[in-house]
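Asks: Below is the structure I would like to discuss, written out as structure tokens.
Nothing in this text is a laboratory measurement; each read-out follows from the coordinates by a stated rule. Computed from a prediction, not measured in an experiment: that's the story for all the values here. Positions of Cβ are generated from backbone atoms using ideal geometry, with glycine treated the same way; all protein chains shown enter the neighbour counts.
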Amino acid sequence: MLNKLRPQVKRFTDPIAQNIRIDPNIITIIGLLISLLAAYLFSQRELLWGAVMILLSGFFDVIDGAVARNHSRQTIFGGILDSTADRFADAFIIIGIIAGGYVNWIWGILALHAAFSVSYVRARAEVDGVQCDVGIAERAERLVILLVGAFLAYLLQMDFIMTLAVLLVLVLGYITVAQRLYHSYKQLNP
């Protein structure tokens, strides 16, 4: 859903990316390390700073691709590294939320499984030629849910809001898996 905002985001990120002379793969790694910091902060029950680090990590995740495009440095390996870093970042953040005691571990692990499954179904479908970037909760939406949940939980001093955010990621993640499976089925069986 948020992918529809890409043209507007590009108008903001492209001018920034044109002035960055760092290898986009290094930017990807920096974003990954920031998500690890977010996980640590959540584990230490620092909701506000954990949320800020999710936001900063997301910024680096957007900028690495913009730098690669603007400097003609897009590579197959860069795409693989970016996707892999995204999976690790998702895991770090949710594990940090679990470690901070904001959600029961089973719900957190299921939310993580849902997030990984969304990505897996897309990758598996695209191996067989099905463009599969559909669904209600792609990665950006899931991160926004956790980000908003952390800010609200901090502002209202209600930890259960983080539990609700993780449960929402879980439910919407599995709905997205179902949407992608259905989409793939329809594409392969017209």
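Asks: So if R0 is 22 Å, what FRET efficiency would residue 104 and residue 133 give, r being the distance between their Cβ atoms, rounded to the nearest 0.05?
Replies: About 0.10, to the nearest 0.05.
Asks: Once the Cα atoms of region 48-87 are picked out, what are the Rg and Dmax in Å?
Replies: Gyration radius and largest Cα-Cα distance of region 48-87: 11.7, 36 Å.
Asks: Ordered by packing density, taken as the mean number of other Cβ atoms within 10 Å over each peptide's residues, highest first, how do 11-24, 43-56 rank? Write out the running numbers ahead of the final one.
Replies: Working: 11-24: 13.7, 43-56: 19.1.
Order by mean packing, descending: 43-56, 11-24.
Asks: Moving on to the next point. Stretched out fully, how many nm does the piece from residue 29 to residue 88 gain, at 0.36 nm a residue minus the Cα gap?
Replies: 20.2 nm
Asks: Normalising by the residue count of region 1-110, find the relative contact order in percent from Cα pairs under 8 Å and 6+ residues apart. Before the final figure, lay out the partial values.
Replies: Values: 117 pairs, mean separation 38.0, N = 110.
Computed over region 1-110, the figure is 35 percent.
Asks: Another one. Along each of the three principal axes of the Cα atoms of the chain, give the extent in whole Å, ordering the values from largest to smallest.
Replies: For the chain, the Cα extents along the three principal axes come out at 46, 44, 26 Å.
Asks: How big, in percent, is the set of alpha carbon pairs in region 136-190 lying more than 20 Å apart?
Replies: Here the long-distance tail beyond 20 Å is 36 percent of all Cα pairs in region 136-190.
Asks: Separate question: Residue by residue through region 80-86, what is 3J(HN,Hα) from phi via Karplus (6.51 cos²θ - 1.76 cosθ + 1.60, θ = phi - 60°)? Round to whole Hz and write x for glycine and proline.
Replies: Those phi angles translate into 5, 4, 4, 5, 5, 4, 4 Hz.
Asks: Also, quick follow-up: Please give the length that would be gained between residue 22 and residue 44 if that part of the chain were fully extended, namely 0.36 nm times their separation in residues minus their C-alpha to C-alpha distance (nm, one decimal).
Replies: Going from the current span to full extension adds 4.8 nm.
Asks: A follow-up question, please. Before rounding to the nearest 500, sum -39500 (n - 2.57) across all DSSP H runs of length at least 4 in the chain and divide by the residue total; then give [θ] at 222 nm in deg cm²/dmol.
Replies: -27500 deg cm²/dmol
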